[in-house]
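Visitor: My structure is below; once you've seen it, I'll send some questions.
The values are calculated or read from the model by the stated rules, or taken from the named source; none is laboratory data. As the structure is a prediction and not an experimental result, all values here were calculated from the model. All Cβ positions, glycine included, derive from the backbone under ideal geometry; neighbour counts span all protein chains shown.
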């Protein structure tokens with residue numbers, strides 16, 4: 001993914017994804033990421049380190065680690081990002 005280092009918006013929503021590649025963490029300029037409505041079970045907690053992330057859409061996934069996801073969502077919101085996630 002090093003060819004995409006300047007990518008700012010990535011929308012992978014409404015697919016049949018079950019995992020997200022760890023290489024997304026190399027997208028340091030990413031501001032808007034939507035992985036909503038997939039089949040992702042494991043949420044990468046490292047996404048909290050994407051310092052330019054302003055919008056994260058993650059609803060509609062059967063996350064196993066819901067508490068961790070909620071913590072990351074709260075952390076992103078605390079720094080002013082929009083995080084589309086509701087704890088269930």
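Visitor: What about residue 27, is it at negative phi, buried (at least 16 other Cβ atoms within 10 Å of the Cβ) and at pLDDT below 95?
Guide: In short, yes.
Visitor: On to the next question. If residue 19 satisfies all but one of (1) touching a helix residue (DSSP H, G or I) at 6+ places or on another chain (Cβ under 6 Å); (2) part of a loop (DSSP other than H, G, I, E, B), what's the number of the condition it fails?
Guide: Only one criterion is unmet by residue 19, namely (1).
Visitor: Here's something else I'd like to know. For residue 33, which of the numbered conditions (1) assigned to a loop (DSSP other than H, G, I, E, B); (2) surrounded by 12 or more Cβ atoms within 10 Å (Cβ to Cβ) fails to hold?
Guide: (1)
Visitor: Being surrounded by 12 or more Cβ atoms within 10 Å (Cβ to Cβ) and out of contact with any helix residue (DSSP H, G or I) (no Cβ under 6 Å at 6 or more places or on another chain) is the requirement here; does residue 60 meet it?
Guide: Answer is yes for this residue.
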